[in-house]
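Just so it is clear, none of the values below were taken in a lab; they were calculated from the coordinates. The model shown is predicted, which means the values in this text are computed figures rather than measured ones. FYI the Cβ positions are ideal-geometry reconstructions off the backbone, even for glycines, and counts take in every protein chain you see.
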Amino acid sequence: MANGNGKKKKKKIIIFSIIGGIVIILVVLVFLGSRRETIVTVQTEKVQRRTVTQIVSATGKIQPITQVVINAEVSGEIILLPVREGQSVHKGQLLVRIKPDSYQADYDRAQANVAMVKSALEKSEANYKRSLGLYEKKLISDADMDMAKADYEGAKANYTAAVASANASYQALIKTTIYSPMDGIISNLPRELGERVSGSSFMQGTEIMTVADLTNMEARVDVGENDVVMVQKGDTARIEVDSYQDRKFTGIVTQIANTAKSTGTGTQDAVTNFEVRIRISTPEGVQFRPGMSMSADIETETHSNVLTVPIQSVTVRAPKKEMKEEPKEGEAQLVASKKKEEDKLEEVVFVVKDGIAKTVTVKRGISNDTYIEVKADGLEGKEVVSGPFKAINRDLEVDSKIKVDNKSAKKTGASADTEKK
């Protein structure tokens with residue numbers, strides 16, 4: 001029995017010794033691994049001078065610069081509609097006629113009333129003149145004279161009102177016939193012959209049709225509130241119209257709205273935009289139609305021959321602080337007041353120097369989709385880190401060891417632009 005117990009103890013000692021050895025080896029490996037410096041693989045690009053054009057992109061619709069919506073100003077049935085959608089019309093051409101019967105009757109009654117009131121006025125005027133002559137000769141009293149005058153003034157007022165009523169009836173009558181206010185094309189015709197329309201002088205009437213000049217078109221785009229401050233009248237725009245995917249058109253900004261258009265107010269999806277209008281140069285053979293979808297790249301500013309780096313190369317880091325002596329009594333407040341400035345982040349790019357990452361503080365300028373203008377001393381011609389995005393924004397620090405691998409980036413397509421996206 002004693003022999004068996006001894007063998008068991010010996011076996012346990014061997015097992016625990018092995019486990020202890022493994023643990024020691026693992027601790028040593030972890031320790032050595034922690035002391036090994038991390039090498040970050042990056043891609044680089046040389047700082048070069050380029051021409052940079054700042055772009056504001058927006059989407060919208062094609063619309064005529066000049067168009068007139070024809071609304072009914074009187075109510076009734078459409079009895080004549082001699083035009084069709086897409087038809088060319090000339091200024092003064094008949095577009096629509098609304099049944100005039102009731103308006104003609106009103107006008108006839110008003111005219112008859114004017115004739116009757118005019119006759120009464122003429123009699124009242126003759127009586128007033130006769131009474132005035134008698135009054136001057138002291139043949140009638142003041143009361144009789146006042147009565148004749150009041151009768152005449154009332155007759156004049158009645159005549160004025162009757163004429164005004166007749167004019168109103170006439171205006172309503174002539175509004176039953178509508179003529180084209182301009183040369184153009186019927187771009188929208190939502191009504192049909194025989195339909196009833198309504199209209200009054202107090203509210204907008206039924207829309208009957210739209211006449212538009214399709215020879216002069218513009219793009220109306222919505223620009224966000226952060227970008228609209230960069231857009232100015234006269235800026236050039238490069239326009240793509242969905243219906244002409246193989247072509248690009250040129251336009252000029254002609255109008256920028258002063259009042260915003262807000263959607264989703266009070267929600268997380270709230271958006272504030274400003275309408276920008278761009279006049280389009282329409283080449284021969286191209287026919288834009290109202291409502292076509294389009295997108296525009298508005299060129300807001302161009303800087304030539306400026307230092308540029310890939311747009312994703314610019315990142316932020318806290319400035320390196322110098323070691324300072326402990327503040328003396330009375331200096332603590334001054335140190336605290338400066339702390340906020342020291343804690344500000346700096347915009348930097350990482351440059352490669354002998355396999356080590358160094359930062360260069362830069363000042364941003366304008367940018368396009370790929371490159372950004374930077375201002376910094378001694379940066380021209382140097383290699384800056386252009387990817388990957390994670391390395392630039394998180395992994396790299398001053399004096400990080402780096403390995404440049406531009407070939408694999410080209411093979412895998414992991415370019416700077418891809419990393420940025």
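Run the simple label-point estimate for Lys407 and Thr282 please: 7 Å along Cα→C-beta, distance reported in nm.
5.7 nm
Can you tell me the length gained on complete extension of the stretch Tyr170 to Lys61, counting 0.36 nm per residue apart and subtracting the Cα distance?
Numbers: separation 109, 0.36 × 109 = 39.24 nm, distance 4.09 nm.
Gain on stretching Tyr170 to Lys61: 35.1 nm.
Only helices at least 30 Å long along their axis, Cα-based, and averaging -1.0 or more on Kyte-Doolittle count here, so list those DSSP H runs from the chain.
On the way: long enough: 2-35 (50 Å, 0.97); 101-136 (52 Å, -0.89); 142-174 (48 Å, -0.19).
Passing helices, by number: 2-35, 101-136, 142-174.
A 26 angstrom limit on the alpha carbon distance is what I want to check against. Which of Lys261/Lys344; Lys61/Lys233; Lys118/Lys138; Lys91/Lys175; Lys46/Lys358 exceed it?
Details: Lys261/Lys344 36 Å; Lys61/Lys233 19 Å; Lys118/Lys138 30 Å; Lys91/Lys175 16 Å; Lys46/Lys358 15 Å.
Pairs exceeding the cut-off: Lys261/Lys344; Lys118/Lys138.
Under the definition of Cα pairs under 8 Å and six or more residues apart, what whole-number percent is the relative contact order of the chain? Don't skip to the answer; put the middle values down first.
Numbers: 756 pairs, mean separation 106.8, N = 421.
Normalised by residue count, the contact order of the chain is 25 percent.
Which of Val47, Val398 comes first, and how do the rest follow, when ranked by fewest Cβ neighbours within 10 Å? Show your work: numbers first, answer last.
Values: Val47 22, Val398 12.
Least to most surrounded, the residues fall as Val398, Val47.
Throw me the Rg/Rh for the range 143-282, computed over C-alpha atoms with Kirkwood Rh, two decimals. All intermediate terms of the calculation are to be shown ahead of the outcome.
Values: Rg = 26.7 Å, Rh = 21.3 Å.
Ratio of gyration radius to Kirkwood radius: 1.26.
Given the alpha-carbon gyration tensor of the chain, what are the semi-axes of its equivalent ellipsoid in whole angstrom, ordered largest first, with each equal to the square root of 5 times an eigenvalue? Please list the in-between numbers first.
Numbers: eigenvalues 1519, 188, 146 Å².
Semi-axes, largest first: 87, 31, 27 Å.
How many nm is it between the label spots at Gln268 and Ala112, if each spot is 7 Å from the Cα in line with the beta carbon?
Between Gln268 and Ala112, the label points sit 7.2 nm apart.
Quick check on the range 142-216: what are the equivalent-ellipsoid semi-axes from the Cα gyration tensor, as sqrt(5λ), descending, whole Å? Numbers along the way, then the final one.
Working: eigenvalues 452, 38, 17 Å².
Those come to 48, 14, 9 Å.
Calculate the tail of P(r) for the range 100-175: the fraction of all Cα-Cα distances greater than 15 Å, expressed in %. Walk me through the numbers on the way to the answer.
Details: 1718 of 2850 pairs.
For the range 100-175, the fraction of Cα-Cα distances above 15 Å is 60 percent.
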